[in-house]
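Quick notes on the structure that follows.
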Amino acid sequence: MINYKDLIIYQIYPLSFFDSNDDGIGDLEGIISKVSYIRNLGANAIWLSPIYESPLEDNGYDISDYKKINPIFGDMETFKKLLKVFHDSGIKVIMDLVVNHTSKEHFWFQEALKGKDNKYHDYYIWKDKQPNWKSLFGGKAFEYVKELDEYYLHLFAKGQPDLNWENENVRAEIKSVLKFYLDMGVDGFRCDVINLISKTHGIPNGKPRFAVRGLEHYLNCPRIHEYLTELREDVINNYDAFLIGEGVFISPEQSIDFAKRKEVEMFFEFDHTNADCHLVKWFPKKFKLKNLKKELNKWQYALKDDGWNTLYFNNHDQPRSVERYGNLYFRESSAKFLATYLFCLKGTPFIYQGEEIGMTNAHFPELSQYEDIETKNVYKTAKKFMSYKHFMKIAMKVSRDNARTPMQWSNEKNAGFSNVKPWFRINRNYKEINVRTDLKKANSIYRYYERLTYLKKTSDVLKYGDYTDLVPKSNKEVKYLRKYKNEEILVVGNFRTKCSVINTLGYTNILLSNCENKADTFKPFEIRVYYKEG
Ligand code: TEU
Ligand code: CA
């Protein structure tokens with residue numbers, strides 16, 4: 001049985017990971033060639049962002065054929081090889097499952113457009129009159145189709161029509177997709193925006209003054225449990241597999257509810273990503289450590305006995321944490337600090353490609369340099385009330401493209417990602433920040449991660465211990481306890497940019513630390529993991 005509580009999951013964004021065949025785009029053979037890199041880091045699972053056939057309007061989160069691999073990444077044989085190679089190395093493979101919507105180029109949607117009596121028309125959500133819902137990518141959530149004189153729902157981009165889960169044929173199709181990959185040996189799925197798949201029957205208007213209009217009609221709506229239970233009972237539970245949900249605006253109580261019903265083992269929550277913004281990242285506020293703690297603590301305490309946490313700072317949608325929460329002047333220590341803080345909490349940790357070498361935001365100054373559809377769409381709305389200059393100032397910090405630049409493998413041309421011009425710009429700092437440099441250096445961020453992943457995997461107290469934050473209000477220090485049976489861990493860190501004396505409560509045995517230092521005075525961004533027995 002897979003114990004998902006034992007996993008350390010490395011997220012791969014295939015487009016930007018490694019190009020094996022000189023077309024400038026990352027691919028499956030590229031991923032296969034890096035299996036030892038991932039194994040040596042200590043990850044025992046990978047999550048692949050979507051690799052299915054797709055027009056890539058939203059970089060693969062718009063699927064046009066669930067049972068085909070996008071030819072730019074390889075083919076089904078290569079995917080089977082990838083599964084085997086990773087499994088042979090003791091690494092589980094988790095795929096991304098995007099079933100709230102498809103691409104508009106999916107055969108089902110193309111058929112749906114042919115007429116109201118087409119079998120596939122009801123696979124999507126249509127209305128004669130346009131409800132007032134807003135898209136999560138900016139603008140309206142409904143798009144008019146002249147030929148049908150109807151509007152279809154797209155919670156994300158226009159090219160991502162929402163599936164109608166009320167239709168049992170849709171559910172049967174999705175189950176067949178799950179079965180297809182589980183039979184091949186896939187170990188689980190990360191389910192994209194899974195708490196949005198059920199909509200209020202009839203698609204009524206949303207509350208008029210609500211910021212995200214329509215939200216109350218698709219967020220955790222009643223049939224969600226019925227749908228997920230059906231997937232579990234008819235398919236997933238026949239395999240040794242598990243689900244990670246992406247839970248838009250999900251609360252700890254809801255996450256526990258899903259876990260108790262045995263529908264979804266764990267969720268990516270969004271609460272802690274609001275430590276530097278007002279509800280959505282496009283309204284930034286100054287980052288404060290205590291705001292981050294407040295949200296992380298809320299989840300740590302609420303899921304003490306039931307449910308299970310995911311631990312992440314980075315993914316393909318989030319700007320790079322080393323600069324978002326850390327400090328680029330202390331890039332190495334603050335990257336290690338954040339990693340330690342995160343990994344020693346209770347839950348399954350995630351590493352997003354490049355995080356293990358402290359990759360930073362891209363800061364592209366012009367909108368024309370961006371690829372991300374969300375960034376471009378949001379600008380269309382934002383420009384009505386802010387200047388281009390102001391918008392770009394925000395985008396440089398928060399755009400998803402900050403996380404999507406090609407992986408920096410070496411200081412060679414194109415950062416060693418490809419022999420030809422890559423599909424997307426490389427971060428200019430690749431000559432200093434790259435894998436080769438980190439592998440050569442004994443105390444690099446990568447080398448630190450090796451120790452951290454080992455510690456997490458081998459320590460019961462880090463996996464299962466109770467958690468207590470000793471300084472929840474502090475913006476300057478991290479200090480928390482983990483306790484399990486007769487073992488104790490104390491994590492203490494100095495979040496200041498200057499040295500500082502910190503009381504370590506009589507603990508003396510340091511298991512891991514990012515500085516060679518035992519003194520009472522902590523260096524800037526120094527963090528230590530202490531251990532005590534009995
Ligand atoms: O993201 C869901 C989601 O809520 C996003 O709108 C997220 O809040 C935003 O990207 C933050 O900037 C998932 C995927 O992770 C994302 O890449 C997809 O674009 C989206 O679903 C649609 O499939
Ligand atoms: Ca390629």
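Quick notes on this structure:
- Crossing angle, helix 445-458 versus the chain [Cα axis fit, 0-90 degrees, rounded to tens]: 90
- Sum of side-chain charges, Leu148 neighbourhood, beta-carbon under 10 Å (Lys, Arg +1; Asp, Glu -1): -1
- Helix-only mean residue ellipticity at 222 nm for the chain, each DSSP H run of n ≥ 4 adding -39500 (n - 2.57), per residue, nearest 500: -8000 deg cm²/dmol
- Taking GluC sites (Glu not before Pro) across segment 206-280, none is in a DSSP loop with at most 12 further Cβ atoms lying within 10 angstrom of its Cβ.
- Charge dipole (debye, nearest 20) of segment 190-247; +1 at Cβ of Lys and Arg, -1 at Cβ of Asp and Glu: 500
- Expressed to the nearest 5 percent, the antiparallel share of DSSP beta bridges inside the chain is 60 percent.
- Once the gyration tensor of the Cα atoms in segment 159-244 is diagonalised, the equivalent ellipsoid follows with semi-axes of 28, 13, 11 Å, ordered largest first.
- Within the chain, longest stretch clear of exposed chymotrypsin sites (Phe, Trp or Tyr not before Pro) (DSSP loop, no more than 13 other Cβ within 10 Å): 1-209
- Magnitude of the charge dipole for the chain, about its Cα centre and with charges confined to Cβ atoms of Lys, Arg (+1) and Asp, Glu (-1), is about 2520 debye.
- Annotation note: trypsin sites (Lys or Arg not before Pro) in segment 167-257 located in DSSP loop regions with a Cβ neighbour count of at most 11 within 10 Å are Arg209.
- Rounded FRET efficiency, nearest 0.05, which uses the C-beta distance separating Glu226 from Asn118 and R0 of 25 Å: 0.45
- Selection from Asn315, Pro222, Met76, by position along the positive dipole direction of the chain (Cβ): Asn315
- Fully extended contour minus Cα-Cα distance, from Lys440 to Glu105, at 0.36 nm per residue: 116.0 nm
- Of the GluC sites (Glu not before Pro) in segment 381-483, those whose Cβ has at most 16 other Cβ within 10 Å and which sit in DSSP loop: Glu412, Glu432
- FRET E, pair Lys421, His278, Förster distance 51 Å, beta-carbon r, rounded to 0.05: 0.85
- Calculated FRET efficiency for the pair Asp520/Lys127, C-beta based, R₀ 56 Å, to 0.05: 0.25
- Relative contact order (%) - the chain, alpha-carbon pairs under 8 angstrom, separation at least six: 13
- Of the cross-linked pairs Lys119/Lys207; Lys5/Lys34; Lys114/Lys383; Lys34/Lys383, those separated by over 31 Å at the C-alpha level are Lys119/Lys207; Lys114/Lys383; Lys34/Lys383.
- Per the Cα gyration tensor, segment 470-527 maps to an equivalent ellipsoid with semi-axes of 19, 14, 9 Å, ordered largest to smallest.
Since every read-out is calculated from the coordinates, none of them should be taken as a lab result. Everything numeric in this text was worked out from a predicted model, so none of it was measured. Every residue, glycine as well, gets a Cβ built from its backbone with ideal geometry; the counts of neighbours run over all protein chains shown.
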